[in-house]
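Enquirer: Below is the structure I would like to discuss, written out as C-alpha cells.
Since every read-out is calculated from the coordinates, none of them should be taken as a lab result. The structure displayed is predicted, hence computed values, not measured ones. Positions of Cβ are generated from backbone atoms using ideal geometry, with glycine treated the same way; all protein chains shown enter the neighbour counts.
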Amino acid sequence: MRKFFAIFAALVFAVSLMACESAEEKKARERTERLAAEFRVMHGNELPSNWQAVVKDALSGRFMDPGSVQYKFLSDPVKRTIDGEERWLLGVDINAKNAFGGYTGFQVWTIVIQNGKVVSTEIMPEDIAKSFRDMSRR
C-alpha cells in the first residue's frame, strides 16, 4: 500500500510540474498562437477579428475629416466566391462631412475583404442601398 501511495504521489508531483508554465514559456506560446492566427488570416483568407477596424482604416483616407465619419455596419461579413477566389463581403452605411463641414447623409458602401485587407469598396446605388438597409433591419 505504501508503494502505491509513493507512486501516486510521484505521479501527482510529475503532473503538477508539467502543468507549471514559466512566464517565458507562456509568452512564447501566446506569441506562437498570435503569429499562427495572423498567418491564417493572411494566407488562409480567414476574417480578421478586428475586421471593423480594418474597414475603417482602409476608408479613412477617402474622407475630408476621418475622425467624424459615422459607420453603421449593416451586416457581418459573408464569405463568397468572386472570380474564383474566396472573399468576405459586407455592407456599411457611412456618413461623412463634406468640404463645408456638413454631413452628406448616409450612403451604403459594399466592402470586400481578402487576406485580411480591404480590396474593393463601392458606393451602392440608392435604390439597391434602400433594399439592403431594409433587409439588414430584419
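Enquirer: So what is the relative contact order for the range 48-136, in percent, with contacts set as C-alpha pairs under 8 Å and at least six apart? Let's see the in-between values first.
Expert: Details: 138 pairs, mean separation 20.4, N = 89.
That works out to 23 percent.
Enquirer: Now a separate question. Separation between the Glu24 and Asp127 pseudo-spin-labels, each 7 Å from Cα along Cα→Cβ, expressed in nm?
Expert: So the label points at Glu24 and Asp127 sit 6.8 nm apart.
Enquirer: Moving to a separate point now. Of Lys26/Lys117; Lys26/Lys56; Lys72/Lys117; Lys97/Lys117; Lys27/Lys56; Lys72/Lys97, which ones are farther than 21 Å apart at the Cα? If you can, show how the numbers build up before the last one.
Expert: Details: Lys26/Lys117 30 Å; Lys26/Lys56 33 Å; Lys72/Lys117 19 Å; Lys97/Lys117 25 Å; Lys27/Lys56 30 Å; Lys72/Lys97 15 Å.
Checking Cα-Cα distances, Lys26/Lys117; Lys26/Lys56; Lys97/Lys117; Lys27/Lys56 exceed 21 Å.
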